Amino acid sequence: MFLYQKKGGTVGYTRISRYAEPDAILSSIPDIIYRLDAAGRVLFVNDSIKKYGYNPDALLGQPIINIVYPQDRRIVRRKINERRTGARVGTFDVRFLTGGAKSSHFDVFNVSAEGLYNSKKPKKTSFQGTQGIARYITDRKIAEEGRVKKEKYKAVLEVAGAVCHELNQPMQSILGYSEILLMDTAVDDSTREKIYKIRRQIIRMGEITSKLMGISQYKTKKYLKTKIIDLEYDSSGCNGLQDDSNDKTR
């Protein structure tokens, strides 16, 4: 096969170069291209897999599930089984272990796969395997997660501001009425002490709403089975949402 190019101002064509062999073309593609047999074992994978710590030849005959992040293996098995009964192309995101199958680090890929059959009508008895393309999207995923966190952060601050505004008005009323009660000379000492306790708690609530209103960055902390904002967290020098969870770094 040859590649042709039109001459400068003429109608004729001239041969300029030979097409690259298929293997060379596959090696130049940054995406991972693969083919699996009916049992999900690797029949072919291009050299792009080398960037993620794997030898293509060493993967031949190995179950593809071995390089899938453990928490994603169920969905990958299901996707492989889906191809047994339908030749349609399926697209999904999956995490592959990087640096070898024993590594705990991963990258995210968008996989587009289709079933292979030896008959025109896809069915289990004619299923031959799966082929597909896996495209690296880790950076895109990180950017998406950052955007979601920023939106969440903005929403939290807006809700906190609204809550504080609504609380401050009734608290001011309670403080005002307590002042009136304390001015009443007919109030006995026992009742007066109770009024002082009410005032102290209202003042404390005011301090809490002031902290909420002053939040520019925040951190969450565990509380029972959920997470809440840590109002005692010193946010100086930080930017945005901080979380106490210990997710693995990719």
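Nothing in this text is a laboratory measurement; each read-out follows from the coordinates by a stated rule. Quick caveat, the model's predicted, so the values are computed rather than measured. A quick note on method: Cβ atoms are made from the backbone with ideal geometry, for glycine too, and the neighbour counts reach across all protein chains shown.
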Per-residue Cβ neighbour rank within 10 angstrom, fewest leading, Tyr34, Tyr153: Tyr153, Tyr34
Under 15 Å, Cβ to Cβ, from Asn55 - net charge with Lys/Arg +1 and Asp/Glu -1: +1
Where labels lie 7 Å past Cα in the beta-carbon direction, separation of Thr91 and Ser126 in nm: 2.6 nm
Chymotrypsin sites (Phe, Trp or Tyr not before Pro) restricted to region 193-225 and DSSP loop, no more than 16 other C-beta within 10 Å: none
Set of aspartates and glutamates near Lys227 by C-alpha distance (under 17 Å), chain-local residues within fewer than 8 positions excluded: Asp243, Asp244, Asp247
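State, as an integer percentage, the relative contact order of region 142-242 based on alpha-carbon contacts under 8 Å between residues 6 or more apart.
29 percent
Net charge around Glu207, counting only other residues with Cβ within less than 12 Å of its Cβ (Lys, Arg = +1; Asp, Glu = -1)?
Once positives and negatives cancel, what remains is +2.
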Sorted peptide list for 64-71, 184-191, criterion being average Cβ within 10 angstrom, highest first: 64-71, 184-191
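Could you sort out which of Lys154/Lys225; Lys150/Lys221; Lys152/Lys219; Lys152/Lys222 sit more than 22 Å apart by Cα distance in this structure?
Lys154/Lys225
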